[in-house]
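**Student:** Here it is, the structure, as structure tokens.
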Amino acid sequence: MYNLEFHHLEQHISKLLNLLEIYKFAIVTNHKKKNDYKQNIHDYIDKEYAALKSVSKHHTSLIHYNYFQFLSEQIEQPIDELTIGNTTKYISDIQ
């Protein structure tokens, strides 16, 4: 069961990383859907935050807690305009 929880967490983190990578690529190429990709990141963070907030913190790992803290920071201070530099920072923070 515990390994399954880590597997699910890894999938969620990978999805967020993929969304950030797509947005980073859109910034570099000045893609016309850049704002849509940014909104996808915000929507996913909101969804993940709501899901993790409803889970008892006593039964989660430090990795879950750190991911929740990252999401909490993004809810309080959303990423307004990502650039290549700070997108890379967010990716490394998540990893």
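The values are calculated or read from the model by the stated rules, or taken from the named source; none is laboratory data. Note that the coordinates shown come from a computational prediction; the quantities given were computed from them, not determined experimentally. Cβ atoms come from the backbone with ideal geometry, glycine included; neighbour counts cover every protein chain shown.
**Student:** Of everything in the stretch 5-55, what is at pLDDT 90 or above and not in a helix (DSSP H, G or I)? Give them in sequence order.
**Tutor:** Passing the criteria: LYS32, LYS33.
**Student:** Would you check if ILE63 is at pLDDT 85 or above, part of a helix (DSSP H, G or I), out of contact with any Lys or Arg (no Cβ under 8 Å at 6 or more places or on another chain) and within 26 Å of LEU4 (Cβ to Cβ)?
**Tutor:** no
**Student:** Which of the residues spanning the stretch 25-49 are surrounded by 12 or more Cβ atoms within 10 Å (Cβ to Cβ) and hydroxyl-bearing (Ser, Thr, Tyr)?
**Tutor:** Listed by number, the residues that qualify are TYR37, TYR44, TYR49.
**Student:** While we're here: Which one is farthest from ILE13 (Cα to Cα) among residues in the stretch 74-87 that are modelled with pLDDT of 65 or more, surrounded by 12 or more Cβ atoms within 10 Å (Cβ to Cβ) and not aliphatic (A, V, I, L, M)?
**Tutor:** Checked the stretch 74-87; the qualifying residue farthest from ILE13 (Cα to Cα) is PRO78.
**Student:** Please name all residue pairs, on different chains or six or more residues apart, with Cβ atoms under 7 Å, provided the first residue is in the stretch 14-31 and is in contact (Cβ under 8 Å) with a residue 40 or more places away in the chain and the second residue is loosely packed, with under 14 Cβ neighbours inside 10 Å.
**Tutor:** Within 7 Å, the pairs are LYS24/ILE84; ILE27/THR83; ILE27/ILE84; VAL28/ILE84.
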